[in-house]
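What follows draws every value from the coordinates through simple rules; no lab data is involved. Here the structure is a predicted model, which means the values were calculated and not measured. Don't worry about glycine lacking a Cβ; one is built from the backbone with ideal geometry, like all the others, and counts go over all protein chains shown.
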Amino acid sequence: MKPLMEVKNLKKYYQISSREGDKKQILKAVDDVSFEIKKGEILGVVGESGCGKSTLGKTVLRLHEKTDGQVLYDGRDLFSLDHKEMTELRKRIQMVFQDPFSSLNPRKKVVSLIEQPLRIHKTGTQAEISEKVEAIMSEVGINPHYKKRFPHQFSGGQRQRIGIARALALNPEFVVCDEAVSALDVSVQAQILNLLLDLREKHDLTYMFIAHDLAVVEYISTRIIVMYLGKIIEVADKHELVKNHTHPYTKALFNAFPLTDPHQRIGKKKIVMGDVPSPVNPPSGCHFHPRCPFAMDICREQYPELKEVAPGHMSACHLHQ
Ligand code: SF4
Ligand code: MG
């Protein structure tokens, strides 16, 4: 089956001013990243903050312009579409944002927040739009009776439900969820994750699910990408990654986050991580080498290519090359 999205050698660089103010420096937020998303998949993207996950999510939706590379959606090069074509495609690709507290305009009633994308894309008469808003509110578990309320009158979990309703109003097929549950209490997180799973089932959705919390990504994803300083360092199906992750950074992540089965961790060498280096001038060779307990001479000199270590399982580490 043809992938729904193909990302080829995608780069997103930013020019930033150094502290001295004169020299410009390059921040490689997304650095030569390639992967595919199949229809119906939930592709998890995990890594510490500052590793480029959100930039990747926004760039594959062309909410940011790319620096280089390609994003093919349903076979079409996203960055070569003109304004009209892109507006048309926007209906099919949507984003759920991290923070329901700041991503919803506090001065707007819930009804107008959810209506907005429907109005922008002129999807029907006012009566049809109102009907759609009520239907989608019920679907995400918010009583349509409350549609004239403002965002602050809802709890965090309810606000994220409103954010999801807004993203789904146009019946998209592909949704990027960027830290969609990170701002919520743990008890509410599971409810929102289950809602996303139900909606995917009902509407045949494909998700790219970005989070720093491995437990959350493990729960929802079917396949997982691990990112470190702008690069993909490991990718595999969820079960394969959980059982057989090989990259020292992935091992460190599994050490740092609670697993579903804590017994799996017993007897394993714990990797102490320290802080993430700056993505401006990242370490030479393998970017993880200053934090890696297995670092060898070659790691300081040469960036390890992403290579297949088992069918469908790729890892970028000199240890297994
Ligand atoms: Fe560690 Fe070297 Fe592998 Fe990088 S390439 S993760 S430094 S062993
Ligand atoms: Mg982020």
Q. Which order do peptides 218-224, 102-108, 125-131, 67-73 fall in by mean Cβ count within 10 Å, highest first?
A. 218-224, 67-73, 102-108, 125-131
Q. Using Cα pairs under 8 angstrom and six or more residues apart, how large is the relative contact order of the chain, in percent?
A. 20
Q. Quick one: which of 25-38, 308-321, 163-176 comes out on top by average Cβ neighbours within 10 Å, and what's the full order, highest first?
A. 163-176, 25-38, 308-321
Q.
Run the numbers for R76 and N105: contour at 0.36 nm per residue of separation, minus the present Cα-Cα distance, in nm.
A. 7.2 nm
Q. So, in nm, how far is label I120 from label N194 when the simple model puts each one 7 Å beyond its Cα toward the Cβ?
A. 3.2
(Q) Distance between the C-alpha centers of region 58-78 and region 227-256? Whole Å please. (A) 25
Q | Theoretical FRET efficiency, 1/(1+(r/R0)^6), r = Cβ-Cβ of E85 and H145, R0 51 Å, to 0.05 | A | 0.85
Q) Sorted by average packing, counted as other Cβ atoms within 10 angstrom per residue and highest first, what order do 109-119, 39-49 take? A) 39-49, 109-119
Q. What shape does the chain take by its C-alpha gyration tensor, where a ≥ b ≥ c are the square roots of the eigenvalues and a/c under 1.5 counts as rounded, a/b above b/c as prolate, and the rest as oblate?
A. prolate
Q | Using a Förster distance of 30 Å, the FRET efficiency for S182-N9 (Cβ separation, nearest 0.05) | A | 0.55
(Q) Can you tell me, using C-alpha contacts under 8 Å and at least 6 residues apart, the relative contact order of region 166-259 as a whole percent? (A) 23
Q: With a/c under 1.5 counting as rounded, go ahead and sort region 45-173 into rounded, prolate or oblate using the C-alpha gyration tensor (a ≥ b ≥ c being the square roots of the eigenvalues; past the cut-off, prolate if a/b is larger than b/c, else oblate).
A: oblate
Q.
Using the basic label-point model (7 angstrom from Cα toward the beta carbon), what is the D32 to L319 distance in nanometres?
A. 2.3
Q. Can you give the calculated 222 nm mean residue ellipticity of the chain, where each DSSP H run of n ≥ 4 adds -39,500 (n - 2.57) and the sum is split over every residue, rounded to the nearest 500 deg cm²/dmol?
A. -9000 deg cm²/dmol
Q: Indicate the helices, whole DSSP H runs only, in the chain that combine a mean Kyte-Doolittle hydropathy of -1.0 or more with a Cα extent along their long axis of 24 angstrom or more.
A: 186-203
